[in-house]
Each structure stands twice: as structure tokens, then as C-alpha cells.
Amino acid sequence: MPSRNRETWERPPDLPETHYVDAAAYANPDIFADEMSRILARSWRFGCHESELPDAFDFRTIDHAEVPLVMIRGEDGRIRTFYNVCPHRGAKLFNDLSGNARLKTCFFHHWTFDWKGDCVSRPRPKAYDDMNLRAEDCGLREVHTDTLYGLVFFNLDDRPIPFADYFGDALASFERTLTEEPVEVFHYHQAVVQANWKQWVESNMDHYHEWMHVMLRRTNVLTEETLFKRRVELYPYGHIMFRGMQIDYQDEATVVPREQSKALPGLTAETFHSTPIFPNTVLMTRGTVMRIDTTTPLTPDTSLVEFRGLGLKNDSEEDRIVRIRQHNEFWGPMSHNLPEDLFAAEQCAKGYRTGGAAYGIICREENMSAQDDGGMRHFYAEWSKWMGRPASDPRTKAA
Amino acid sequence: MAVGNEDIRDFLNRVADALDREAWDEFLSMCAPEFEYRVTAYSYELDKEMVWLIHDMDGLRYLFDVLPEQLGRKGTRMLRQISVTDISRGEAKGHVDVTSKVIAVRTSPEGVSELFAAGRYLDVVDVAGGTPRMIKRETRLDTRELGIGSHVPI
Ligand code: FES
Ligand SMILES: [Fe+2]
């Protein structure tokens, strides 16, 4: 096979335009700005799991969306999201990462707000009254918030796509796992990754890369049976479900064994499910544990990824430690797999950022089995819709 | 011969040095068969204690065995700077509890060094036999943003 010169390297691949992605989609700052306003500012995005806000008046800040946000559980049990910004002079209102506050008083000039976002007091208000600036006009900016199976999502758009339409049945396979018994988040860490946000999202849609992982080479993931029994299912709004993978954890003496009795509801200890939710969240289960990744674009080539690990709230201390070990061996910051996946995303970013790479090829068609690129094509078809231009030629002026 | 505080400091420096040099067998030879290694951190997001890694000797042996095959760049190095802040009698006879501050610096193959993590080692060292041996190590991290992470114990 001949190597290529500039012309043949940069010429679009001889494939349907749905089957490749132009480098500019990963590296071009104008396209990035459009992604923020057309996709991230309009889609339903994962904020946290409701177990992170167990009691009334609990709050949890989200510092890396485009604007600082805070989620608060109200006295009525509902979780609401607000800009974490004081309407007076713009100070960040909640400065701790989490906590509990019946009323929140801004540290600066002591304006005070309740859990509905209403401004309930301003010191020495007469000077405002004289100017007709009423307390009713000094409330917090609220952001649409809704909950599905305990997963709390926010949407920065004032007129968002209806929540139920957006998710449809895409998360139905997780219903039992997330609701039959109380679950809680036991692991959280974040990583600033030197890669475009989609390069991290892709790592969870591209199952063709499995050979990269030493632990997957050493276990049974890549037998004919596991390859072709796994399916990629596509849902409206760009959501994807990978289903049907059974992992034999007995293969390796040193992999933490998984007991059937410790499987999460609706799963066997061997079940691997993975659901990338458009645009930036992935839910995954490995039988006894669950992981949620959320990717927030920071710049065209840096992204903040949050990793959560979930187990059963009523775990005994002993069971919890087992679950933590099972989580950590593949998914922790010092695990076998996660640093490899992050490494891969960063190395891809290097190829695109420098202008070295011209196109990403996503053309594998294998009957929508595990290593079919159909999941990624589905994501980019949705991306193209929201962006008003094809991912294969994203410099085309947006519609 | 009794093991003094100076010997314990010296021992922990040699443990750190063995890890820095990736002399895994040498490191394991300084650990008792019941050695337990943990990495822990506190999440202010969740308001919870977290455990990020737990290994016994078998787990560590397996980790070191897989290491050459784990994806990464040849020439990446980690250097652990420790300073012992407290040595006190341990719970079991012949054991001492040692607290050290630790700074781990990662250097890329290009030679660029950056702070990887800051935290403490909470160690239990067996000094009964004359030669110190590690019984337990908890690497308690202040740093929770580890970039792409690490396959190598800190
Ligand atoms: S900025 Fe918050 S009260 Fe002034
Ligand atoms: Fe992977």
C-alpha cells in the first residue's frame, strides 16, 4: 500500500460523508464556539446523582459548566439548579463544593436567598426601595432541571427540548439498576484531559479499541462469541446502548472475583452495559458497579472529565470495600484501563491539534455488533444536525 | 540490634527510592507477606472518604507483572520526596506508626517535570526483627486531580 503525499492525505476519503469526521471538528476554535452555543447550551446535561443531595437544603456546586452552577434540594424535595452567581455584583454565591444551607447569604454584601432562588433580604434595603429595585427583581437565575432514575440533569436553554422526549427509552435498561434499591455515589474524581471533549466521548463509543487494554487482551472480551453477541442499539437524539457483553472475571486469578449475589439489580455479575447519552455523558455497568462519566469542554483541546462510581447505599462495610476494589481495578485513577483510555484520547488530540491528522475514519459496518462504528456514526449524525453542518465537512457555513 | 528512628527514616527513604527506580522486587522484599497498600483521599464533592486502590502482596505482584504491557510512554518517571514527620509506637508489639509528607513529581520522556501529587504516607513498619519491614502503607492524597492517572503506585 503506498504512502500518501499532501494531496492524497488531505483529500476526503472515498466513503459516504457519514463515515468520516474532518479534523476541524476537533480542533477549530470557531467550530468549538458553535458547539458550545448550539449543543452544550441546549442539551440536557448530567449534573449529579440525587444521592449527592440526600437532604433538604443540601447543595452541590458545578464549577465547570460554561457558567458556575449550584444544585439545591428544596424543602419540597425537588432539586433545582441556579447560576451560582450573586445578582448583586456577580460574586460566586456558594463557594464550598457541597454542603447544606437553609438560606444562603452572599459573603460580600449579605444579600440572602432561599432554596427557590428568591431574594429574601438585602441589608439596609431603603436605598434600593428609593430606587425602585424590588427584592422580587433580585432573585437567582434558575436553570431547567429534571431527574430520571435518580440522575439529575440540567439544561441551560430557557425553552429546552422536553425532558421525556430527549431521553425516550434510552436509559430504560438502567431503570431497575438505578431504582430497585437505593444507590449512591462512592467515588468521584475529575481529570483535566488534554483532548477535545469528543475524543473522550468517543473512547466510550469505539469498542474497536479493546485490544489496546492489557487487561482486555488477558481476559475473554475478544472471543468471536463476545464480539458478535454484543449489539449497538441506537436511540433518538443521538443516544446509544451497547448491550449483550458478558465478562468472565474468573479468567484471571488476580481480577477481583464478582459474586452473583453482589450484582446490582437487573444485572448479572458479568453484565457489561454502556450507554453514551448525547452529548457528553456515559453510563456503564460492570455487574457489581456502575460508572458515570461527564465530559465538559473547556477549550478546543482541553476537557474536564468527571468520573463517578456507584454502588448500593445499603452495602455492608465489607461489601462496599469489595465493590470499591471492583470499581478501582478498571475504572479508578490508578486502574488498568482508565489511564490507558485517557492516554489514547490525549494522543489522538496531538494528531488533530497539530494539523497532522486530516480525517477520522468511522466506517466499520458489522451488522451493528460490538466493533461496528455505527455508534460513532449515530453520534456524529446527531452532532451534524445540531451544528447545521456535516462532521465530514464542518467548515461549511452552518445552516 | 534495636531499630532507632534514624534507621526507620533511612528505611523509608530506601523504600521510596526503590519505587522511584522501579525496582519492584526490591520494594516487595521490604514488605512483610501481610503487607497492605492503599491509596485514599477525601472528596469534598461527596463529603466522603474514598479508597482509590487496595492491594495485598498478590495484587501488587500482579500489578508489577502487567506493568510492562500497560500503555504509556517509555521514559516516564516518578520521583517521591518524603519527609518523616512522626514516628510513634504502633498498635501491635514491635510495630511503629510512621507519618511522612510525600511529594511525587512526574517527569516526561522529554524531561519536563511536574508535580503529580502531594499527600502523606501513613505507614506501619515492623521493627521487631532488627530489619524494618513494611506492614501497611496508606498513601493519603491531598491531590485528587491526577491528569490521566498512573499505573504505578505512588
Ligand atoms: S455581590 Fe453578593 S451581596 Fe453583593
Ligand atoms: Fe477503553
Practice problem: Of the listed pairs A:K92/A:K116; A:K350/B:K74; A:K116/A:K198; A:K104/A:K126, which have alpha-carbon separations greater than 23 Å here? | Solution: A:K116/A:K198
Self-check item: Within the protein assembly as shown: Cβ-based charge dipole about Cα centre, in debye rounded to nearest 20 (Lys, Arg +1; Asp, Glu -1)
Solution: 1140 debye
Quiz item: With charges only on Cβ, +1 for K and R and -1 for D and E, what is the dipole size of chain B about its Cα centre, in debye, rounded to 20?
Solution: 220 debye
Self-check item: Relative contact order of chain A, pairs being alpha-carbon contacts under 8 Å that are 6 or more residues apart, as %
Solution: 21 percent
Self-check item: Relative contact order (%) - the range A:45-160, alpha-carbon pairs under 8 angstrom, separation at least six
Solution: 26 percent
Practice problem: Rank A:A195, A:F153, A:Y83 by how far each Cα sits towards the positive end of the charge dipole of the protein assembly as shown (+1 on Lys, Arg Cβ; -1 on Asp, Glu Cβ) and give me just the farthest. | Solution: A:Y83
Quiz item: If you find the alpha carbon centre of the range A:24-80 and of the range B:1-68, how far apart are they in angstrom?
Solution: 38 Å
Quiz item: Taking only the alpha-carbon positions of the range A:1-79 and ignoring solvent, what does the Debye formula give for the base-10 log of I(q)/I(0) at q = 0.22, 0.23, 0.25 Å⁻¹?
Solution: -1.07, -1.11, -1.19
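Scan the range A:227-330 for trypsin sites (Lys or Arg not before Pro) in coil per DSSP, keeping those whose Cβ has at most 14 other Cβ atoms within 10 Å, and list them by number.
Values: sites: A:K229, A:R230, A:R231, A:R243, A:R258, A:K262, A:R286, A:R291, A:R308, A:K313, A:R320, A:R323, A:R325; in loops: A:R230, A:R258, A:K313.
Listed in order of number, the matching sites are A:K313.
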Quiz item: What are the principal axis extents of the Cα atoms in the range A:182-387, in Å, biggest first?
Solution: 50, 35, 32
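Quick check: net charge around B:I82, other residues with Cβ under 12 Å of its Cβ, Lys/Arg +1 and Asp/Glu -1?
Numbers: positive: B:R9, B:R14, B:R80, B:K101, B:R120, B:R137; negative: B:D10, B:D17, B:D20, B:D123.
With Lys, Arg at +1 and Asp, Glu at -1, the neighbours total +2.
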Quiz item: Probe 1.4 Å, all protein chains in place: accessible area of A:T268 in Å², nearest 10?
Solution: 60 Å²
Quiz prompt | Cα lying deepest toward the dipole's positive end in the protein assembly as shown, options A:S51, A:W386, A:T288, charges on Cβ | solution = A:W386
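Counting only other chains, what is the mean number of Cβ atoms within 10 angstrom of the Cβ of each residue in peptide A:341-351? Walk me through the numbers before you get to the answer.
Values: counts 3, 5, 7, 2, 1, 2, 2, 0, 0, 0, 0.
Going residue by residue through A:341-351 and averaging, the value is 2.
Give me the orientation-averaged projected area of the Cα convex hull of the range B:16-76, in nm², one decimal. Mind dumping the intermediate values first?
Values: hull surface 22.6 nm².
The Cα convex hull of the range B:16-76, projected and averaged over all directions, gives 5.6 nm².
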Exercise. At a Cα cut-off below 21 Å, give the lysines reachable from B:K136, other chains included and same-chain residues fewer than 8 away excluded.
Key: B:K93, B:K101
Self-check item: Local electrostatic count, A:P182, Cβ distance below 12 Å [Lys/Arg +1, Asp/Glu -1]
Solution: -4
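For n ≥ 4 DSSP H runs only, could you compute -39500 (n - 2.57) per run for chain B, divide by its residues and tell me the 222 nm figure to the nearest 500? Numbers along the way, then the final one.
Details: 3 runs with 32 residues, N = 154.
Helices in chain B give a 222 nm mean residue ellipticity of -6000 deg cm²/dmol.
Taking the Cα centre of the range A:45-160 as the origin, how large is its charge dipole in debye, to the nearest 20, when only Lys and Arg (+1) and Asp and Glu (-1) carry charge on their Cβ atoms?
On the way: 16 positive and 19 negative charges, 71 e Å.
The dipole of the range A:45-160 has a size of about 340 debye.
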Exercise. Select from A:Y249, A:Y237, A:Y26 the residue whose mean-square fluctuation is largest in a Gaussian network model of chain A (Cα-Cα springs shorter than 10 Å).
Key: A:Y249
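What average count of beta carbons from other chains do you get within 10 Å of the Cβ of residues in B:39-52?
Details: counts 4, 0, 4, 0, 7, 5, 14, 13, 8, 7, 1, 8, 9, 9.
Mean partner shielding for this stretch: 6.
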Quiz item: If you count the DSSP beta bridges with both ends in the protein assembly as shown, what percent of them are antiparallel, to the nearest 5?
Solution: 95 percent
Quiz item: Once Rh is set to the Kirkwood radius over Cα pairs, what Stokes-Einstein translational diffusion coefficient, in µm²/s, holds for the range B:61-125 at a temperature of 20 °C and a viscosity of 1.002 mPa s?
Solution: 151 µm²/s
Practice problem: Return the single residue from B:D65, B:D97, B:D126 with maximal mean-square fluctuation; model: Gaussian network over chain B, springs between Cα atoms under 10 Å. | Solution: B:D65
Quiz prompt | Of A:A263, A:I277, A:I362, farthest towards positive along the dipole that unit charges on Lys, Arg, Asp, Glu beta carbons give the range A:182-387 | solution = A:I277
Quiz item: If you project the alpha carbons of the range A:306-399 onto their three principal axes, what span does each projection cover, largest first, in Å?
Solution: 57, 28, 28
Quiz prompt | Radius of gyration and maximum dimension Dmax of the protein assembly as shown, Cα, Å | solution = 25.5, 84
Quiz prompt | Fluctuation leader among B:M30, B:M57, B:M78 - chain B, Gaussian network, Cα springs under 10 angstrom | solution = B:M57
Practice problem: Enumerate by residue number the GluC sites (Glu not before Pro) in the range A:31-76 meeting two conditions: DSSP loop (anything except H, G, I, E, B), and at most 15 other Cβ atoms within 10 Å of the site's Cβ. | Solution: A:E66, A:E75
Quiz item: Please state the Cα pair-distance histogram of the range B:5-141 with 10 angstrom bins from zero: what percent is in each bin?
Solution: 11, 39, 36, 12, 1
Exercise. Take the alpha carbon atoms of the range A:253-295, find their center, do the same for the range A:357-394, and report the distance between the two centers in whole angstrom.
Key: 25 Å
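Over all pairs of distinct alpha carbons, what does the Kirkwood formula give as the hydrodynamic radius of the range A:45-160, in Å? Write out the running numbers ahead of the final one.
Values: mean 1/r = 0.0688 Å⁻¹.
Here the Kirkwood hydrodynamic radius works out to 14.5 Å.
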Exercise. Could you please state, rounded to a whole Å, how far the C-alpha centre of the range B:73-102 is from the C-alpha centre of the range A:93-133?
Key: 47 Å
Practice problem: Return a whole-number percent for the relative contact order of the range B:5-141, with Cα pairs under 8 Å and 6 or more residues apart as the contact set. | Solution: 24 percent
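Filter the GluC sites (Glu not before Pro) in the range A:180-233 to those in DSSP coil with at most 13 other Cβ atoms within 10 Å of their Cβ, and list the result. Mind showing how you got there, number by number?
Working: sites: A:E180, A:E184, A:E202, A:E210, A:E224, A:E225, A:E233; in loops: A:E180.
For GluC sites (Glu not before Pro) across the range A:180-233 that sit outside H, G, I, E and B with at most 13 neighbouring Cβ atoms in 10 Å, the list reads A:E180.
The values are calculated or read from the model by the stated rules, or taken from the named source; none is laboratory data. Computed from a prediction, not measured in an experiment: that's the story for all the values here. Using ideal geometry, Cβ is built from the backbone for each residue, glycine included, and neighbour counts are taken over all protein chains shown. These accessible areas exclude ligands, DNA and RNA; they are computed on the full protein's heavy atoms, side chains included. Shrake-Rupley method; radii C 1.70, N 1.55, O 1.52, S 1.80 Å.
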